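Contents: one structure, followed by commentary.
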Amino acid sequence: MISLNETADAPLMPDNRLALLSDRIFAANGWLQSAMGLEHRPEQAAMAQTVVRSCLSHQALLFEAGTGVGKSLAYLIPGIITAISTKRPFIVSSHTIALQEQIKHKDLEICRKLFSQVKPLHRFKDFKVAMLVGRGNYLCKHRLFKAIETKSDLFGGSEQDDLERIVHWSNETETGLREELNPRPSAEVWEWVNADSSSCNTRNCDHTTCFYRKALLQRTQANIIIVNHSLLFSLISAGLSPGQQSNGVLYADDFLVLDEAHTVPAIASDHFGLGISSYGVNRALKLLYNPTSPKPRGLLLKYGKREDHTVVVKALATADTFFNDIRRRFLLNRDIVRLHAQNWADPILNQALGQVVHRLQVIGQGVDSKDAKEEIGDHIKRLKEYAKSINYVLELKEKDHVYWLEKAGHRRQIVYLRSAPLNVAEYLNEALFNRNTAVIMTSATLATGNSMETFKKDVGAWEQNQQIEASPFDYKTNCRIYIATDAPLPNSAQQGRLDIEYLADMVQFCCLRNPGGTLVLFTSYADMSKVAALLTETIVQSGRDLLVQGQNYARTELKNKFVQSGNAILFGTDSFWTGFDVPGPALSQVIITRLPFVNPSHPLAEAKSEYIRSQGGSPFTELMLPDAVIKFRQGIGRLIRTKTDTGVITILDSRVVTKEYGRSFIQSLPHQQTIRFSRRDRQARFNILG
């Protein structure tokens, strides 16, 4: 259980007192307004009141808070007050790093300042915060010293340079987090020095010498713990919980807020399923013995014999054969293939991994060093886990899971074996809503129309409370919405070259007529790349920067360059539809190139559709359409981020006006005063409002 040492002697505060405090903070002329000079937002006050009731009653809550409501403060302030007053851990989980940084460096500082300036709130001003990240992100000095001792066995020349850089950094860093290192060290070097190892333990490490142990201590003393959805569900799926006899999700008697909750079903599916890659298996074996580097290296150079090296070399060759055979048989002309029948491949790789595990066990019994035994034990555990997971996929072991093969990577050379639950709602209900504690899910987009029934069904929150507070922004004044009526339908005969030419022409016209920055959202990498190829020269000649996802820059760098430019044009796909927050004229237009329907042939979507049909339902209306509307709302929500933002939403998909289901998208727009246009009359139509 997380202890709250700084409030150990403070008396518990009655629930009604906590609710009254929260009301006084958020009310008109309340402390947030009078002490901090922040604008009173009735929607924020309503959310805070509902959140504090949920926290105190240990009940779940689904809360849609439109852009501008100020949801972060609406859950952070009541959450911190509840955590300190009831001596319970408060966990905040988000999807994006950007929101985590905003919470830590902006919103929590507002909370601390408020608590410091208002006398009745002084008891809360010294709240403690901890970031929860995976232990593999921390440097372990004990492992670093061991790596230095055996560096000639483990690393090549350039990697030894990386190791030296880490040594110098280790004497300067306060956190020991890998993200501080720029450029990042190679994955192979970091593998040998991070804290994700049995040798990083209380015998070898403590909070005065080990960054991970220091972080653990901070977590045990924290009132609020910030985590991301991916790690949260990794920990849950790994079995970290207070147990069936205690309330709480991760820690005894904790309570949880999941912001950006619209992403939860997809992220949870990943973590309650399996994912084994050819790259991962190859890397795990080469950490033991790598025969392909200029000089052979690996753990077994020190502890193994020639016959041990041979066993690893044979396993590497078997892994190549196994994954190459999968690529040739299933993925030669396709990127994704669903698996239907058991034993679809020969388990030759499991046999090879088993031989390596046997040799490691023999070696482990013969070494005297506890550190060596622990390191070898970690490799045994990892290889056993790979073998177990591969066997699960070969046998399609979990009957309620969907299994598929996929190729990925820059050159599409990495082969993945994947699985996911057909219905993640049952897992989420057990992990989150059956823990007798407050679990609050919030986002700007949880509802379709005015109903959250689809989302509630997706996350297993069938009977939980829900509330919607609309955005306070004046969208009718600040946002114009244009809809193209002549776009070729995706399934029409005109699809292909004409469709891309149409998109390129319309994107060029809309981007260059807009003086500010434009975010162009695609649903397909292929479409994005083709349009970019057609427009790069024209856009560059116009004096504008064209930034394209996946070309040269990472997502964070793309955003920084976009903001710095002030009038750049950014092409993005899936990850740019959500969590991309750029206020001001640097982003004054969002273009939706196509409605964001999920690929119906993806194995998970296909299996869900089959299940819905078997129950007499419609996959399109129950699955495809609601998911597309939520993502559509996220995409158009990138435009107006503050009260003073203005701009244009342009939709280049005529289905919103030609198809019956288009009403669902029209109704999800921030207002209904749309302007329709075509290539023939676009100049005149765009000039209607200037």
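Quick one: which helices (runs of 4 or more DSSP H) lie wholly within the range 18-136 and hold at least 1 residues that are assigned by TED's automatic domain parsing to the domain that holds Ala261 and farther than 27 Å from Trp577 by Cβ?
31-34, 42-57, 71-86, 108-117
What pairs come up if the first residue lies in the range 184-212 and is in the same structural domain as Phe155 (by TED's automatic domain parsing) and loosely packed, with under 15 Cβ neighbours inside 10 Å, the second is among the aromatic types (Phe, Trp, Tyr) and at pLDDT 90 or above, and their beta carbons are under 9 Å apart, counting only those six or more places apart or on different chains?
Partner pairs satisfying both residue conditions: Arg184/Trp190.
Out of everything in the range 170-183 that is in a loop (DSSP other than H, G, I, E, B) and touching a residue at least 12 places away in the same chain (Cβ under 8 Å), what residue ends up being surrounded by the most Cβ atoms within 10 Å (Cβ to Cβ)?
Taking the candidates together, the pick is Gly176.
Where residues in the range 213-245 are assigned to a loop (DSSP other than H, G, I, E, B) and without any contact (Cβ under 8 Å) to a residue 12 or more places away in the chain, which of them is surrounded by the most Cβ atoms within 10 Å (Cβ to Cβ)?
Restricting to residues being assigned to a loop (DSSP other than H, G, I, E, B) and without any contact (Cβ under 8 Å) to a residue 12 or more places away in the chain, the top hit is Leu240.
Please work out if Thr477 is in a loop (DSSP other than H, G, I, E, B) and either of a type in the set (S, T, N, Q) or at pLDDT below 95 (or both).
no
Looking at (1) surrounded by fewer than 19 Cβ atoms within 10 Å (Cβ to Cβ); (2) in the same structural domain as Lys286 (by TED's automatic domain parsing); (3) in contact (Cβ under 8 Å) with a residue 24 or more places away in the chain, can you tell me which one Glu398 breaks?
Looking at each condition in turn, Glu398 falls short on (3).
Where in the range 284-379 are the helices (runs of 4 or more DSSP H), entirely inside, with at least 3 residues that are among the hydrophobic types (A, V, I, L, M, F, W, C), in the same structural domain as Leu154 (by TED's automatic domain parsing) and free of Cβ contacts under 8 Å to residues at least 24 places away in the same chain?
none
Quickly run through the range 530-543 and pick out the residues that are surrounded by 18 or more Cβ atoms within 10 Å (Cβ to Cβ) and within 24 Å of Leu639 (Cβ to Cβ).
Those that are surrounded by 18 or more Cβ atoms within 10 Å (Cβ to Cβ) and within 24 Å of Leu639 (Cβ to Cβ): Val531, Ala532, Leu535, Ile539.
Is it the case, given these coordinates, that Arg613 is touching a strand residue (DSSP E or B) at 6+ places or on another chain (Cβ under 9 Å) and either surrounded by fewer than 22 Cβ atoms within 10 Å (Cβ to Cβ) or touching a residue at least 40 places away in the same chain (Cβ under 8 Å) (or both)?
Criteria not met by Arg613.
What are the pairs, 6+ residues apart or on separate chains, where a residue within the range 76-98 that is at positive phi and without any contact (Cβ under 8 Å) to a residue 60 or more places away in the chain has its Cβ under 8 Å from a residue that is surrounded by 22 or more Cβ atoms within 10 Å (Cβ to Cβ) and in a helix (DSSP H, G or I)?
That search, which allows pairs on different chains as well, returns nothing.
Which one is farthest from Asp574 (Cα to Cα), of the residues in the range 512-527 that are modelled with pLDDT of 95 or more and touching a strand residue (DSSP E or B) at 6+ places or on another chain (Cβ under 6 Å)?
Thr518
If you go through the range 72-100, how many residues are of a type outside the set (A, V, I, L, M, F, W, C), in contact with a helix residue (DSSP H, G or I) (Cβ under 6 Å, 6 or more places away or on another chain) and under 30 Å from Asn450 (Cβ atoms)?
Here the count works out to 7.
State whether one or more residues within the range 302-310 are small (Gly, Ala, Ser) and under 34 Å from the mean Cα position of the chain (by Cα).
no
Taking the options Lys631, Lys608, Lys643, name whichever one is under 26 Å from Ile569 (Cα atoms) and buried (at least 19 other Cβ atoms within 10 Å of the Cβ).
Lys631
Which is over 21 Å from Ile276 (Cα atoms) and surrounded by fewer than 20 Cβ atoms within 10 Å (Cβ to Cβ), of Gly366, Gly354, Gly377?
Going through Gly366, Gly354, Gly377 in turn, just one is over 21 Å from Ile276 (Cα atoms) and surrounded by fewer than 20 Cβ atoms within 10 Å (Cβ to Cβ): Gly366.
Take the range 225-247 and flag every residue that is touching a helix residue (DSSP H, G or I) at 6+ places or on another chain (Cβ under 7 Å), aliphatic (A, V, I, L, M) and under 30 Å from Asn171 (Cβ atoms).
Scanning the range 225-247 gives Ile225, Ile226.
The values are calculated or read from the model by the stated rules, or taken from the named source; none is laboratory data. The structure displayed is predicted, hence computed values, not measured ones. Reconstructed Cβ throughout: ideal geometry from the backbone, glycine too, with neighbour counts over all protein chains shown.
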